[in-house]
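The block underneath contains the structure these notes are about, expressed in structure tokens.
The values are calculated or read from the model by the stated rules, or taken from the named source; none is laboratory data. Please read all numbers here as calculations on a predicted model, not as lab measurements. No Cβ is skipped: glycine too gets one built from the backbone with ideal geometry, and neighbour counts run over all protein chains shown.
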Amino acid sequence: MTTTPARDLPLSGITVVSVEQAVAAPYATRQLADLGAQVIKIERSGEGDFARRYDTTVHGQSSYFVWLNRSKESITLDLKSDRGREVLERLLAGADVFVQNLAPGAAARLGLDAPSLAERLPSLITCTITGYGSTGPWAHRKAYDLLIQCQTGLVSLTGNEHGPARVGISVADIAAGMYAYSGILTALFTRAATGVARAVEVSLFEALAEWMGQPAYYTRFGGTQPPRIGTQHATIAPYGTFTAADGNDVLLSIQNEREWTSLCERFLLRPELVHDERFATGSDRVSNRAELNTIIAERFDQLASAEAMHLLDAAGIANAGVNAVMDFVAHPVLAARDRWRDVSLPDGTPVPALLPPVDLTGTCPRMDAIPGVGEHTDRILTALGYDAATIERMRTDGVI
């Protein structure tokens, strides 16, 4: 897969200005950059996006920042200063999209809220990412990923009988970033079709609330919420991990009666279980999960993990070994499908990055460098019409 020239990518010619930090907004705008949009990232002078300092594991750079900010241009601006806001106003006058996930109330104080911008720049698409929405009783509360996991009840579903656990990735931020991304694409399409620029708003809470739909229905109409049962599935059985004779875990999943019959006859070698009244239906198998798991565990005790997976494959039963993260990084599917590309850190050091998961026939996404703090400030200001002397005065005065 060769690189597609930026001018030929789907969002070539689209300019996005983003006052962004942390995860949700940067994730949305990075995906726009992947598709060819010019993404101008506004950062604080000196320190930049605080996600740059979450860790230093990638050759001194933050793993979060490296993941979320390739192919962007960084400019530093003091948005509390008049001259800083003047620069931002010039940028927005030539932009198609403005994204912000500032602290509650901060955008309105700066005149960067959606209604204010719609009056000044009616063709600008604004995207606001909040914790709990821009209205309502929690509009002014701070919200971080794990707080949202707790508030939506997600944490109560994860873990095991010993207690709850957070999801191991920033799932609320990722959900909000995905909905912001799709909302912006929808708004761009709508503007192209009708000439109307519609504002986009996404909250972390409501994004993750959407993903909680199935357990919400199950709890509301079933009377109890799905139990915490580790790697087992709360509403399907058998579906979970079992430990083979060599100590390795194998996950298997039964989705229908045909698979259940095959599991009994070809893997468990217990055809009489097919019509056992304890396991006759999916609901019966969930109700009698403990007995069923004991039967399956006894079979796994007789097999090494590779042999168990071979037999499950032969029986047409979905299964997988339980990978550690480095196993995922070295996964043969990623290698065989050529999914890795090198991108450069600010100092030029190459690091591998996964291609975006959506392939568009005839194009290859942009995979450019991660920017240093303010790396593109002078070039962007020059393009806006500022001369070198003015830029230097701004730097001296702490505007940039």
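Taking the stretch 171-223 as the range and being of a type in the set (D, E, K, R) and crowded, with 23+ Cβ neighbours inside 10 Å as the test, only D173 passes.
The number of residues in the stretch 342-364 that are of a type in the set (V, I, T), free of Cβ contacts under 8 Å to residues at least 40 places away in the same chain and outside the structural domain of S63 (by TED's automatic domain parsing) comes to 0.
For G84, the criteria (1) within 28 Å of the chain's Cα centre (by Cα); (2) crowded, with 17+ Cβ neighbours inside 10 Å hold in every case but one, which is (1).
Scanning the stretch 321-328 turns up at least one residue that is within 30 Å of E259 (Cα to Cα) and touching a residue at least 24 places away in the same chain (Cβ under 8 Å). For the stretch 118-129, the condition holds for at least one residue, the condition being that it is more than 19 Å from E43 (Cα to Cα), surrounded by 21 or more Cβ atoms within 10 Å (Cβ to Cβ) and in the same structural domain as Q21 (by TED's automatic domain parsing). Taking the stretch 156-185 as the range and being modelled with pLDDT under 95 and either in a helix (DSSP H, G or I) or aromatic (F, W, Y) (or both) as the test, the residues that pass are S156, L157. The set of residues in the stretch 1-36 that are basic (K, R) and either at pLDDT 95 or above or under 22 Å from A197 (Cα atoms) (or both) contains only R30. Can you confirm whether the stretch 343-355 contains a residue that is aliphatic (A, V, I, L, M), surrounded by fewer than 18 Cβ atoms within 10 Å (Cβ to Cβ) and modelled with pLDDT under 95? Within the stretch 343-355 (the criterion being aliphatic (A, V, I, L, M), surrounded by fewer than 18 Cβ atoms within 10 Å (Cβ to Cβ) and modelled with pLDDT under 95), the answer is no, since none of the residues qualifies.
Within the stretch 386-400, restricting attention to residues that are in a loop (DSSP other than H, G, I, E, B) and in contact with a Lys or Arg (Cβ under 8 Å, 6 or more places away or on another chain), which residue is surrounded by the fewest Cβ atoms within 10 Å (Cβ to Cβ)? Residue satisfying both the conditions and the ranking: D397.
Within the stretch 186-215, the set of residues being touching a residue at least 40 places away in the same chain (Cβ under 8 Å) and either part of a helix (DSSP H, G or I) or under 20 Å from A33 (Cβ atoms) (or both) comprises A187, L188, R191, V200, V202, L204, F205, E206, L208, A209, W211, P215. One residue stands out among those in the stretch 358-385 that are over 29 Å from the mean Cα position of the chain (by Cα) and surrounded by fewer than 18 Cβ atoms within 10 Å (Cβ to Cβ): the one that is farthest from T76 (Cα to Cα), which is G385. Taken over the stretch 142-170, the residue count meeting the criterion of being of a type in the set (K, R) and surrounded by 15 or more Cβ atoms within 10 Å (Cβ to Cβ) is 1.
Each row is one residue, and each column tells you yes or no for (1) more than 20 Å from P346 (Cα to Cα); (2) at pLDDT 95 or above; (3) buried (at least 23 other Cβ atoms within 10 Å of the Cβ); (4) in the same structural domain as T130 (by TED's automatic domain parsing).
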residue: K41; (1), (2), (3), (4): no, yes, yes, yes
residue: G46; (1), (2), (3), (4): no, no, no, yes
residue: K72; (1), (2), (3), (4): no, yes, yes, yes
residue: P104; (1), (2), (3), (4): yes, no, no, yes
residue: R109; (1), (2), (3), (4): yes, no, no, yes
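Does the stretch 12-49 hold any residues that are out of contact with any strand residue (DSSP E or B) (no Cβ under 8 Å at 6 or more places or on another chain) and in contact (Cβ under 8 Å) with a residue 40 or more places away in the chain, and which are they? Scanning the stretch 12-49 gives Q21, A22, V23, Y27, Q31, D34, L35, G36, E47.
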